[in-house]
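Got a structure for you, questions after.
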Amino acid sequence: MTLLELSAVYAEGAERIRLRILELRTAQTGADPEEAEALGRRIRELLPMWRDMREMTRLTAHYYDGRRETLGQKR
């Protein structure tokens, strides 16, 4: 698997997490206070995972870009 292919896997994972966060936020609006707090905790747990997955998507997609530029090979 290439880094570019791995990037697509990370992007897919990030999208799944994003969609789950949206589902939880929707469920939170109609929930009782105790359930809304539990859903809020889960959202707060997922947010760093989502950020990390997006960052790994970017890093793996562009891993060689910087190296190419330092070697004098522009795209």
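Tell me which residues, restricted to segment 21-59, are assigned to a helix (DSSP H, G or I) and of a type in the set (Asp, Glu). Show your work before the answer.
If we filter segment 21-59 for residues that are assigned to a helix (DSSP H, G or I), which is where we start, we get 21-29, 33-59.
Of everything in segment 21-59, those that are assigned to a helix (DSSP H, G or I) and of a type in the set (Asp, Glu) turn out to be Glu23, Glu34, Glu35, Glu37, Glu45, Asp52, Glu55.
If you check every pair at least six apart or on different chains, which have Cβ atoms under 8 Å apart with a residue in segment 37-66 that is of a type in the set (Gly, Ala, Ser) and modelled with pLDDT of 95 or more first and a residue that is surrounded by 13 or more Cβ atoms within 10 Å (Cβ to Cβ) and part of a helix (DSSP H, G or I) second?
Correct list of pairs: Gly40/Gln28.
Can you tell me which residue in segment 13-30 is surrounded by the most Cβ atoms within 10 Å (Cβ to Cβ), limited to those that are among the hydrophobic types (A, V, I, L, M, F, W, C) and within 24 Å of Met56 (Cα to Cα)?
Of the residues in segment 13-30, the ones among the hydrophobic types (A, V, I, L, M, F, W, C) are 14, 17, 19, 21-22, 24, 27.
From the residues that got through so far, the ones that are within 24 Å of Met56 (Cα to Cα) too are 14, 17, 19, 21-22, 24.
Numbers: Ala14: 20, Ile17: 18, Leu19: 10, Ile21: 17, Leu22: 11, Leu24: 17.
The extreme case among them is Ala14.
With the structure loaded, tell me whether Thr70 is at pLDDT 95 or above, surrounded by fewer than 14 Cβ atoms within 10 Å (Cβ to Cβ), polar (S, T, N, Q) and on the phi < 0 side of the Ramachandran plot or whether it fails that test.
no
Filter segment 6-27 down to the residues that are of a type in the set (D, E, K, R) and more than 16 Å from the chain's Cα centre (by Cα) and list them by number.
Step one: of segment 6-27, the residues of a type in the set (D, E, K, R) are 12, 15-16, 18, 20, 23, 25.
Arg25, the sole residue that qualifies.
The values are calculated or read from the model by the stated rules, or taken from the named source; none is laboratory data. What you see is a predicted model, and the numbers here were worked out from it, not measured in a lab. Cβ: placed from backbone, ideal geometry, glycine included. Neighbour counts: every protein chain shown.
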